[in-house]
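Reviewing the structure listed below.
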Amino acid sequence: MLEEIAIENLGVIRSARVELAPGLTVITGETGAGKTMVLTGLGLLMGGKADAGAVRPGAASAAVEGRWQVRESPDVVARVVDAGGEVDDDGTVVVARTVAAEGRSRAHLGGRSVPQGVLAEIADELVTVHGQADQLRLRTPSKQREALDSFAGTKHLDTLDAYRTAWTERSAVQAELTDLEARAAERAREAELLRLGLAEVERVDPRPGEDVELQTLVARLGNVEALRIAATEAHEALAGDDLGEVASAVDLLTRARRALEAAAQDDATLTDLGTRVAEAGYLVADVATELSAYVDDLQADPAALERAHGRLAELTALTRTYGQNVDDVLQWASDAGLRLLDLDDGGERGRGLAQRLGELDGELARLSSEVTAGRASAGERLAAAVTAELAGLAMGGASLEVEVADGEPGPWGADQVGFSLVPHPGAPARPLGKGASGGELSRVMLALEVALATERGATAVLPTFVFDEVDAGVGGRAAVEVGRRLAVLARSTQVIVVTHLAQVAAFADAHLVVTKSAGQAGTVTGVERVDADERVRELARMLSGQEDSETARQHALELLQSSSVGR
């Protein structure tokens with residue numbers, strides 16, 4: 001709902017701030033006063049094209065700001081947040097638009113600068129305009145289909161939701177099956193390569209860490225003599241040679257220990273040092289013994305070296321293809337086995353998908369038939385309701401036809417929905433918007449909106465409706481019926497109407513008057529809310545052009561009384 005709109009320097013309006021309320025609000029005023037500027041400002045808030053010519057002469061720019069209540073519109077709230085804007089704690093969001101005299105314009109949503117197109121996107125959820133040259137709702141087949149589905153009722157919408165869910169699943173299943181079939185040859189090639197690789201790994205049968213062990217063995221067997229010399233020299237240094245010509249480390253440590261033990265009786269400190277030297281002697285002796293055993297075991301084995309080289313070559317062939325080391329190869333083999341199971345399961349998966357696809361096709365056929373039947377039944381009821389409404393809107397003999405024809409299956413069913421108007425008996429039916437004047441089309445749209453709102457009930461979340469001179473070309477009783485139907489529509493949503501007929505204005509919950517006055521700064525237009533006697537004066541002016549005419553005032557009072565009873 002639009003709670004407030006503020007306009008500055010737009011056309012003849014220098015400055016105006018209007019608070020709007022739920023229900024029916026009418027905007028009236030003398031011809032040329034600037035009533036359409038209010039709608040122009042609203043159009044800018046809806047993301048409409050900016051026209052520098054609409055900027056008030058002498059002003060640098062025009063500005064329009066609107067405050068919308070969006071608490072009951074979660075989709076709008078989500079779009080505002082996605083755009084970086086903020087929704088106030090009371091559920092309102094501020095939309096602003098400025099137009100420079102040079103032609104540039106800027107848009108703001110929830111305090112954030114946004115592209116003009118963002119305002120146009122949220123406008124579809126917030127407001128619907130039915131004007132002389134602009135009928136923005138129920139003109140496209142998709143919108144007509146949505147309106148008919150809503151009119152059809154809750155049970156039909158539940159069936160449609162079930163159809164849409166099945167359609168979504170079918171699309172996913174079909175996409176997976178198509179991909180599976182398209183990649184069948186590729187999967188077969190991949191499976192064959194995996195089998196060959198796994199067979200090679202199984203033939204070689206590597207053990208974890210085996211390549212590291214073999215590299216160590218090859219290094220040892222390939223350098224036996226060098227290792228023998230090094231170990232022998234170390235053993236002689238520690239234990240001495242067989243001839244006893246070299247003092248060994250063990251002998252030297254023994255001499256050191258004895259010397260310290262002999263002197264320890266004079267200084268207890270030497271006792272601890274002697275113990276530590278003794279420990280070092282035991283350690284050196286142990287190492288010397290192990291070195292002797294190492295030298296004895298170190299034998300050249302050309303056959304073992306050759307076998308190690310051969311085994312290492314086999315492992316190297318695997319690591320060149322499947323990993324940097326044997327552990328990587330074993331991990332690849334594990335992953336490849338799992339992947340091969342998945343690839344081998346492709347045929348079974350394909351059969352399962354094909355079976356599910358058939359089940360979904362049957363379910364969709366059944367649900368589609370129910371959706372079509374629901375739309376056909378609702379179309380008859382909607383056509384009858386709108387035709388009845390048109391009879392009271394000075395369009396006697398006109399009728400609405402709702403066609404539900406076979407269409408291309410899609411997420412919304414397999415129907416092509418179309419609304420057509422028969423202007424008089426015997427005339428061919430023509431799509432809405434073709435063959436009807438702006439005023440007639442506005443009344444057709446009013447009849448449609450009233451019928452839809454009545455069926456949906458007051459709990460439905462509807463946009464703000466704006467009707468620009470919906471009463472064009474009518475008068476008398478037909479004008480009263482237009483006002484009555486606008487009031488009916490306003491029971492469930494906000495309705496804003498620009499009108500020049502007192503019979504329509506009398507049904508308003510709020511009456512705004514656009515006034516024009518001339519001053520030193522030029523012609524200035526303002527917008528004021530009128531109540532009580534001021535409202536009677538405005539209705540009298542609309543009736544006779546003389547707001548102080550007692551006869552016109554009396555007629556105005558009668559209109560207000562009868563409109564109150566007529567609700």
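The values are calculated or read from the model by the stated rules, or taken from the named source; none is laboratory data. Predicted, not measured: the structure shown is a model, and the values here were computed from it. Glycine gets a Cβ as well: all are built from the backbone with ideal geometry, and neighbour counts include every protein chain shown. Keep in mind that these areas ignore ligands, DNA and RNA; they rest on the heavy atoms of the full protein, side chains included. Shrake-Rupley method; radii C 1.70, N 1.55, O 1.52, S 1.80 Å.
Okay, here's what the table says:
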| read-out | value |
| --- | --- |
| Any hit, the stretch 109-127, residues being open to solvent by less than 70 Å² (accessible area, probe 1.4 Å), of a type outside the set (Ser, Thr, Tyr), over 29 Å from Leu10 (Cα atoms) and over 19 Å from the mean Cα position of the chain (by Cα) | no |
| Criterion (under 32 Å from the mean Cα position of the chain (by Cα) and farther than 29 Å from Leu543 by Cα) met by exactly one of Arg71, Arg56 | Arg71 |
| Cross-chain or 6+ apart pairs with Cβ under 7 Å, the stretch 468-483 first and over 23 Å from Leu42 (Cβ atoms) and in a helix (DSSP H, G or I), then of a type in the set (S, T, N, Q) and open to solvent by 10 Å² or more (accessible area, probe 1.4 Å) | Ala479/Gln503; Val480/Gln503 |
| Residue check, Arg311 in contact (Cβ under 8 Å) with a residue 40 or more places away in the chain, surrounded by 14 or more Cβ atoms within 10 Å (Cβ to Cβ) and among the basic types (Lys, Arg) | yes |
| Residue that is nearest to His511 (Cα to Cα), among those in the stretch 24-78 that are charged (D, E, K, R) and surrounded by 18 or more Cβ atoms within 10 Å (Cβ to Cβ) | Lys35 |
| Matching residues, the stretch 157-182, being surrounded by 13 or more Cβ atoms within 10 Å (Cβ to Cβ) and either touching a Ser or Thr at 6+ places or on another chain (Cβ under 7 Å) or farther than 30 Å from Glu146 by Cα (or both) | Tyr163, Glu176, Leu177, Leu180, Glu181 |
| The stretch 290-303, residues that are surrounded by 14 or more Cβ atoms within 10 Å (Cβ to Cβ) and either assigned to a helix (DSSP H, G or I) or on the phi > 0 side of the Ramachandran plot (or both) | Leu291, Ser292, Tyr294, Val295 |
| Among the candidates Arg195, Arg145, residue that is touching a residue at least 40 places away in the same chain (Cβ under 8 Å), open to solvent by 60 Å² or more (accessible area, probe 1.4 Å), on the phi < 0 side of the Ramachandran plot and among the charged types (D, E, K, R) | Arg195 |
| Residues of the stretch 206-218 satisfying the condition of being at pLDDT below 90, under 13 Å from Val326 (Cα atoms) and open to solvent by 70 Å² or more (accessible area, probe 1.4 Å) | Val212, Glu213, Gln215 |
| Where Asp548 falls short, out of the listed (1) of a type in the set (D, E, K, R); (2) modelled with pLDDT of 85 or more; (3) outside any helix (DSSP H, G or I) | (2) |
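Here's the yes/no breakdown for (1) of a type in the set (Lys, Arg); (2) at pLDDT 80 or above; (3) at positive phi; (4) open to solvent by 20 Å² or more (accessible area, probe 1.4 Å):
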{"site": "Pro411", "(1), (2), (3), (4)": "no, yes, no, yes"}
{"site": "Ser437", "(1), (2), (3), (4)": "no, no, no, yes"}
{"site": "Leu446", "(1), (2), (3), (4)": "no, yes, no, no"}
{"site": "Glu455", "(1), (2), (3), (4)": "no, no, no, yes"}
{"site": "Ala460", "(1), (2), (3), (4)": "no, no, no, yes"}
{"site": "Gly473", "(1), (2), (3), (4)": "no, no, yes, yes"}
{"site": "Arg477", "(1), (2), (3), (4)": "yes, yes, no, yes"}
{"site": "Gln503", "(1), (2), (3), (4)": "no, yes, no, yes"}
{"site": "Ala506", "(1), (2), (3), (4)": "no, yes, no, no"}
